[in-house]
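**Q** Below you'll find the structure I mean.
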Amino acid sequence: MIIDTVDSNFLNFRFPEKEGFLYGFNLYALVNGTDVLLIDTAFRTQARQVKEALTSKGLQLTHVLLTHFHPDHVAGLAALAPEITVLGSQEYTRTLTKDIKQTVTPVSFSGGFSFGEFDLSFTPAPGHSPCSILIDINGNYLHAGDNLMSRYDGKAILPWVEYHEIAGHISSLELLKAMNRGKVLLGHGPALLNSRDINLAIDDRLSYLRSVLNSSGKCSWEEAIHGCSCEFTGKEFFEQLKRD
Ligand SMILES: [Fe+2]
């Protein structure tokens, strides 16, 4: 695990891919005095390491905010205290497959949430999952969850989406592009820190998803990635999509 400082009171816990795995994890933490809000937990192993690192700094995990409720983002809750405040989309029940010991408090899409010096606001971005959200941090950073995914070295990972959710994923990516942000954080892969890289990453995913949708899922792999400027990894997501 590598710990970086993103900004004042803003930490990034980075976990490179383990051998044979498609992706690693990026967990971001906001600090308010000794209290910490963690964005996503990854699995128990990663959550435990983050918790121990925070404890060694005299900090304590009080809040977890979830970009969505897939296992690779929420399973770490099992290693955390039941009294932690867990925040996420009210649509979480459509995605969460296992019971968790914490109670989920739905975020407000109109009111936002304040944590120390951080003002957070949330936008629904369904597609990758029905409960995916975009998280705005002080109008400066935008966490895109798994709307964009990449490997630890930045190599693009193909969007993961169920066939019937492709149109929603496209709409969410169009929304993300229209937000025209300069600093986008990801759950998997390094942050994108300029508009050109962000737009290119979005356009490549859009091109792939539109090709699949326009062919009613019948296109070949070559046709699916025809308009993409990057070389995607994660071709298995395309194969799975065809079987939906
Ligand atoms: Fe994920």
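**Q** Based on the alpha carbons, how large is the Rg to Rh ratio for the stretch 146-222 when Rh follows Kirkwood?
**A** On the way: Rg = 12.4 Å, Rh = 12.9 Å.
Taking Rh as the inverse mean 1/r over Cα pairs, Rg/Rh reads 0.97.
**Q** What dipole magnitude, in Debye to the nearest 20, does the stretch 110-244 give about its Cα centre under +1 on Lys/Arg Cβ and -1 on Asp/Glu Cβ?
**A** 140
**Q** Right, something else. May I ask for the angle, rounded to the nearest 10°, between helix 195-214 and the longest principal axis of the chain, with both axes built from Cα atoms and the value confined to 0 to 90°?
**A** Orientation of helix 195-214: about 50 degrees from the principal axis.
**Q** Which listed residue (Leu30, Ala53, Gly20) has the Cα farthest towards the positive end of the charge dipole for the stretch 14-59, taking +1 on Lys and Arg C-beta and -1 on Asp and Glu C-beta about the Cα centre?
**A** Ala53
**Q** Classify the stretch 205-244 as rounded, prolate or oblate from the Cα gyration tensor: take a ≥ b ≥ c as the square roots of its eigenvalues, call it rounded if a/c is under 1.5, otherwise prolate when a/b beats b/c and oblate if not.
**A** It comes out oblate by the Cα gyration axes.
**Q** Between rounded, prolate and oblate, where does the stretch 17-151 land on the alpha carbon gyration tensor, with a ≥ b ≥ c its root eigenvalues, rounded for a/c under 1.5, else prolate if a/b exceeds b/c?
**A** Here the stretch 17-151 falls in the rounded category.
**Q** With an 8 Å Cα cut-off and a minimum separation of 6 or more residues, compute the relative contact order for the stretch 54-155 in percent.
**A** 23
**Q** Per DSSP H run of n ≥ 4, the term is -39500 (n - 2.57); total these for the chain, divide by its residue number, and report the mean residue ellipticity at 222 nm rounded to 500 deg cm²/dmol.
**A** Rounded to the nearest 500, it is -8000 deg cm²/dmol.
**Q** Let me ask you something else. Count charges around Leu66 for me, please; just the other residues with Cβ under 13 Å from its Cβ, Lys/Arg as +1, Asp/Glu as -1.
**A** Summing Lys/Arg as +1 and Asp/Glu as -1 gives -4.
**Q** Here is a further query. Which of the GluC sites (Glu not before Pro) found in the stretch 179-244 are in a DSSP loop and have at most 13 neighbouring Cβ atoms, other than their own, within 10 Å?
**A** Details: sites: Glu222, Glu223, Glu231, Glu236, Glu239; in loops: Glu231.
Loop-located and lightly packed - Glu231.
**Q** Continuing with this model, one more query. Report the Cα centroid-to-centroid distance between the stretch 214-229 and the stretch 114-164 in angstrom, as an integer.
**A** Their Cα centres are 24 Å away from one another.
**Q** Another question about this same structure. Output the relative contact order of the chain, whole-number percent, from Cα pairs under 8 angstrom with separation of 6+ residues.
**A** Once normalised by length, the contact order is 14 percent.
**Q** Check each of the trypsin sites (Lys or Arg not before Pro) in the stretch 83-112 and keep only those in coil by DSSP with at most 10 other C-beta atoms within 10 angstrom; list them in order.
**A** The qualifying sites are Lys98.
**Q** Moving on to the next point. Rounded to a whole number of µm²/s, how large is the Stokes-Einstein D of the chain at 20 °C and 1.002 mPa s, given Rh as the Kirkwood radius over C-alpha pairs?
**A** In µm²/s, the coefficient rounds to 118.
**Q** Further, regarding this structure: Quick check for me: using +1 on Lys/Arg Cβ and -1 on Asp/Glu Cβ, what's the dipole size of the chain about its Cα centre, in debye to the nearest 20?
**A** 200
**Q** Over the Cα atoms of the stretch 112-244, compute the convex hull volume and normalise it per residue, giving Å³.
**A** Taking only Cα atoms, the stretch 112-244 has a hull volume of 98 Å³ per residue.
Rule-based calculations on the coordinates, nothing more; no lab input. What you see is a predicted model, and the numbers here were worked out from it, not measured in a lab. When we count neighbours, we look across all protein chains shown, and the Cβ atoms used for this are built from the backbone with ideal geometry, even at glycine.
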